[in-house]
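Enquirer: Got a structure for you, written out below as structure tokens; questions coming shortly.
The values are calculated or read from the model by the stated rules, or taken from the named source; none is laboratory data. As the structure is a computational prediction, the values presented were derived from the model and not from experiment. Note that we place each Cβ from the backbone using ideal geometry, even for glycine, and neighbour counts take in every protein chain shown.
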């Protein structure tokens, strides 16, 4: 026994999803349904307890490149884990629309307001007193020596 | 718009007063900020800076994080995250340069 169901889609659904019509080769409705299904799955993954699952879902939302994912990514910016937050910034940047970039800007502004205890870059110029004179010039050598030291200690 | 790229040595010289080019590094960054030029660095540079300043307890982690956070939170700094695409582009550029050097 087979079941038939009908989904009514708005005429401007492609526009709402931000689908580039010249990139569409498959029938539009199939593309939209596939996209909606993917969106739905990724939204479920965003609620997963495993941060890697959430981060992966965020990355895939960015790869979809559609504006419909923006609200979910905006929510992911408030995730409890910084890896998911960073992935959300990358994903929004990948979508790249004015709305997506604006949300990144607002988020950075909020983060800065919440981090008023961090001194400014200008105020920290020339203040790190560790008594070296060539750390900058010979950083490759120092890094290599430190690495060797760590390995020999291990 | 002109931009200023800051590598690991640049940041070390900027923060550490006894480093050879401390005054020059501060001067370049000050001028770039004053002229509203973009200041560019990468996550690789930040990782190397953490290793350089933090190893052998040169700097306590608490102090170190303040310096790194000051870079991350500076609005004029564009912090590029080197991903696989950017890495491929850089590697290709590197190979092209090497070919030119070979001739």
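Enquirer: For the stretch A:64-154, give me every one of the helices (runs of 4 or more DSSP H) that falls completely inside it and has 3 or more residues that are out of contact with any helix residue (DSSP H, G or I) (no Cβ under 7 Å at 6 or more places or on another chain), more than 10 Å from every other protein chain (Cβ to nearest Cβ) and without any contact (Cβ under 8 Å) to a residue 60 or more places away in the chain.
Expert: A:98-113, A:139-153
Okay, residues lined up against (1) surrounded by fewer than 15 Cβ atoms within 10 Å (Cβ to Cβ); (2) modelled with pLDDT of 85 or more:
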position	(1), (2)
A:18	no, no
A:27	yes, no
A:39	no, yes
A:44	yes, yes
A:53	no, yes
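Enquirer: Quick check: anything in the stretch A:64-71 at pLDDT 90 or above, under 10 Å from the mean Cα position of the chain (by Cα), surrounded by fewer than 19 Cβ atoms within 10 Å (Cβ to Cβ) and farther than 30 Å from residue B:16 by Cβ?
Expert: No.
Enquirer: Still on this structure: Go through the stretch B:1-23 and count every residue that is under 22 Å from residue B:64 (Cα atoms), surrounded by fewer than 16 Cβ atoms within 10 Å (Cβ to Cβ) and more than 10 Å from chain A (Cβ to nearest Cβ).
Expert: Matching residues across the stretch B:1-23 total 1.
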